[in-house]
1. Would you check if D23 is in contact with a helix residue (DSSP H, G or I) (Cβ under 8 Å, 6 or more places away or on another chain) and farther than 23 Å from E10 by Cα?
2. Would it be correct to say that L67 is touching a residue at least 40 places away in the same chain (Cβ under 8 Å) and over 14 Å from Y8 (Cβ atoms)?
3. From the list D42, D60, D56, which residue is modelled with pLDDT of 95 or more and either loosely packed, with under 12 Cβ neighbours inside 10 Å or more than 13 Å from the chain's Cα centre (by Cα) (or both)?
4. Of the residues that make up region 16-31, is at least one closer than 23 Å to M74 by Cα and modelled with pLDDT under 95?
5. Is there any pair linking a residue in region 23-43 that is touching a residue at least 40 places away in the same chain (Cβ under 8 Å) to one that is surrounded by 11 or more Cβ atoms within 10 Å (Cβ to Cβ) and of a type in the set (V, I, T), with Cβ under 6 Å and at least six apart or on different chains, and which?
6. So, in region 25-39, exactly how many residues are under 14 Å from L67 (Cα atoms), part of a loop (DSSP other than H, G, I, E, B) and within 13 Å of the chain's Cα centre (by Cα)?
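The values are calculated or read from the model by the stated rules, or taken from the named source; none is laboratory data. If you're wondering where the values come from, they're calculated on a predicted model, not measured in any experiment. Cβ coordinates were reconstructed from backbone atoms using ideal geometry, including for glycine residues, and neighbour counts include every protein chain displayed.
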Amino acid sequence: CNFWDAKYKEELNLGSSFSFIADASHPDARYLFEENQVVFRDKDGFLRAFVIKELDDTDDGAEINTLVTCEAAMMELA
């Protein structure tokens with residue numbers, strides 16, 4: 001699934017967040033749903049796991065995109 005504008009933020013004592021925009025018309029976009037997980041490699045090569053918490057579809061007339069907002073999977077343990 002094509003995605004862009006990926007923003008990973010980690011703050012001391014506040015945890016981390018991850019968001020990105022994905023092409024909602026791509027066949028793999030069906031895997032973007034709340035409580036599903038996203039894993040990526042950070043700039044240091046470590047795998048980071050996040051849980052999808054919010055989806056927001058946008059339609060600008062030419063294409064349909066989804067803003068995906070996630071929280072760290074380890075927060076599920078808190």
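1. On the way: in contact with a helix residue (DSSP H, G or I) (Cβ under 8 Å, 6 or more places away or on another chain): yes; farther than 23 Å from E10 by Cα: yes.
Yes; evaluated as a whole, the condition is true for this residue.
2. On the way: touching a residue at least 40 places away in the same chain (Cβ under 8 Å): yes; over 14 Å from Y8 (Cβ atoms): yes.
Judged against the criteria, L67 is a match.
3. On the way: D42 fails: modelled with pLDDT of 95 or more; D60 fails: modelled with pLDDT of 95 or more.
Of the residues listed, the single one that is modelled with pLDDT of 95 or more and either loosely packed, with under 12 Cβ neighbours inside 10 Å or more than 13 Å from the chain's Cα centre (by Cα) (or both) is D56.
4. Residues of region 16-31 that are closer than 23 Å to M74 by Cα, as a first pass: 16-21, 31.
Next, only the ones that are modelled with pLDDT under 95 stay: 16-17.
Looking through region 16-31, at least one residue is closer than 23 Å to M74 by Cα and modelled with pLDDT under 95.
5. That search, which allows pairs on different chains as well, returns A24/I64; A24/T66.
6. Residues meeting the conditions: 3.
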